[in-house]
Structures are given as structure tokens and as C-alpha cells.
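One structure below.
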Amino acid sequence: MTTYLQPNNCQSWDEVQDELFGATGTPLREQLEKESEFFRISERLKLARKEAGLTQQELAEKVGLKRSDLSLIENGKIDVGITTLFDLFRALGKKLSFTIL
């Protein structure tokens with residue numbers, strides 16, 4: 001999702017999101033939230049892999065994935081199961097935890 005709209009007189013990030021993507025619960029805002037979550041997780045995975053000094057190929061082999069699938073995961077282009085996420089972060093010596101709000 002990419003938008004090139006300019007927000008008008010917004011004072012906070014919440015106001016910007018409301019103006020550009022609609023109020024919380026609207027379809028466009030829900031899509032933004034979903035893509036934002038994928039982006040955050042994929043960026044943390046990519047950073048953890050690089051900190052571990054592993055290539056995509058090396059990490060993919062450790063967890064039984066294709067390198068191309070790991071690339072899709074790291075770029076937020078594919079839905080990934082929770083088990084795969086745990087396996088990936090565990091292979092990088094990291095723990096994965098969730099907060100339910």
C-alpha cells in the first residue's frame with residue numbers, strides 16, 4: 001500500500017493516519033495496520049539475521065526453507081505461520097514473544 005496524499009494540519013501521527021487511511025476499523029486503515037505489522041516483523045527478522053552474520057541462504061537451510069521464501073518473508077510479501085517465525089528467530093538465537101492488547 002502506497003499513498004502520496006498530503007495530510008492537512010495534523011498534530012499527531014494518529015491524526016495523519018485518520019486523515020489518510022480513515023478511522024480505526026475502516027477497511028483501508030485495517031490494511032495499513034496489517035501491512036505495518038508485517039513490515040515491523042520482517043525488518044526485525046532481517047536485522048537479527050544480519051546481526052547473526054548469516055546470509056539468507058544459511059538461515060533458510062537452518063530452518064528448512066527455500067532462500068526465495070525467506071526473502072519473501074523478510075520483505076513482508078508472504079504470510080508466514082507462527083511456527084516458522086518461532087523457528088527463524090530461534091535459529092538466530094532470539095526469542096519471539098507477543099503482547100496481546
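Coordinate-derived values only; no laboratory data. Remember, predicted model here, so these are calculated numbers, not experimental data.
Shape class of segment 54-101 from the alpha-carbon gyration tensor: oblate, with a/c at 1.5 or above and b/c at least as large as a/b. Could you tell me how many degrees, from 0 to 90 and to the nearest 10, lie between the Cα long axis of helix 82-91 and the main elongation axis, the longest principal axis, of the Cα atoms of the chain? Taking Cα atoms only, the helix is inclined about 60 degrees.
Evaluating 6.51 cos²θ - 1.76 cosθ + 1.60 at θ = phi - 60° for every residue in segment 18-30, the Karplus couplings come out as 4, 6, 7, 10, x, 5, 3, x, 7, x, 5, 5, 4 Hz, glycine and proline recorded as x.
Report, in listed order, any pair from 62/94; 46/66; 66/95 with a Cα-Cα distance greater than 20 Å. Pairs exceeding 20 Å: 66/95.
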